[in-house]
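J.: First the structure, which I've put down as structure tokens, then a few questions once you've had a look.
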Amino acid sequence: QVQLVESGGGLVQPGGSLRLSCVASGSISSINAMSWHRQTPGKQRELVALITSGGDTNYPDSAKGRFTISRDNTKATVYLQMIRLKPEDTAVYYCAAHHPSGFKYWGRGTQVTVSS
């Protein structure tokens with residue numbers, strides 16, 4: 001089992017920055033990748049960043065140039081640095097841990113609100 005706990009969400013003005021953290025615990029040795037996703041009511045959950053066990057990263061066009069995923073293996077923590085935030089970035093942001101089988105563990109999410 002893997003447990004994920006997100007933190008760092010909150011209220012930020014448009015153009016501002018925010019850094020999210022995801023701390024993993026449990027049986028994490030088999031995890032192949034970690035990712036961040038976001039979801040708003042009535043919309044599909046969408047990937048915003050992914051990092052593989054080898055350190056490769058992947059971002060959709062909506063996040064490229066503004067979002068950066070990173071990790072600290074000594075702390076079992078994955079980060080999402082977000083800059084130049086826009087109102088449309090407002091969502092609940094979820095952390096996910098990927099097994100080779102395709103199964104994903106999910107955190108409970110952290111709210112990000114971009115508004116003036």
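The values are calculated or read from the model by the stated rules, or taken from the named source; none is laboratory data. Please read these numbers as outputs of a predicted model, since none were measured by experiment. In this analysis, Cβ positions are derived from the backbone assuming ideal geometry, glycine residues included, and neighbour counts consider all displayed protein chains. For the accessible areas, the whole protein counts, side chains as well, though only heavy atoms, and no ligand, DNA or RNA atoms are used. Shrake-Rupley method; radii C 1.70, N 1.55, O 1.52, S 1.80 Å.
J.: Considering only residues that are surrounded by 17 or more Cβ atoms within 10 Å (Cβ to Cβ) and aromatic (Phe, Trp, Tyr), look in region 66-113 and name the one that is farthest from Gln3 (Cα to Cα).
T.: The extreme case among them is Phe67.
J.: Hey, another quick one. Collect the residues in region 103-116 that are modelled with pLDDT of 95 or more and assigned to a loop (DSSP other than H, G, I, E, B), keeping them in residue-number order.
T.: Phe103, Gly107, Arg108, Gly109, Ser115
J.: Would you mention how many residues in region 15-65 are small (Gly, Ala, Ser), closer than 17 Å to Lys104 by Cβ and either open to solvent by 60 Å² or more (accessible area, probe 1.4 Å) or at pLDDT below 95 (or both)?
T.: Taking region 15-65 first, the residues small (Gly, Ala, Ser) are 15-17, 21, 24-27, 29-30, 33, 35, 42, 49, 53-55, 62-63, 65.
Subsequent filtering for residues that are closer than 17 Å to Lys104 by Cβ retains 24-27, 29-30, 33, 35, 49, 53.
Retained after the next criterion (residues that are either open to solvent by 60 Å² or more (accessible area, probe 1.4 Å) or at pLDDT below 95 (or both)): 27, 29-30, 53.
Here the count works out to 4.
J.: Further question on the same structure: Look at region 64-93 and say how many of its residues are in contact with a Lys or Arg (Cβ under 9 Å, 6 or more places away or on another chain), within 15 Å of Ser35 (Cβ to Cβ) and among the hydrophobic types (A, V, I, L, M, F, W, C).
T.: Result for region 64-93: 5.
J.: Still on this structure: Any chance you could count how many residues in region 1-14 are at pLDDT 95 or above, open to solvent by 30 Å² or more (accessible area, probe 1.4 Å) and either under 16 Å from Trp106 (Cβ atoms) or β-branched (Val, Ile, Thr) (or both)?
T.: Summing the residues that are at pLDDT 95 or above, open to solvent by 30 Å² or more (accessible area, probe 1.4 Å) and either under 16 Å from Trp106 (Cβ atoms) or β-branched (Val, Ile, Thr) (or both) in region 1-14 gives 4.
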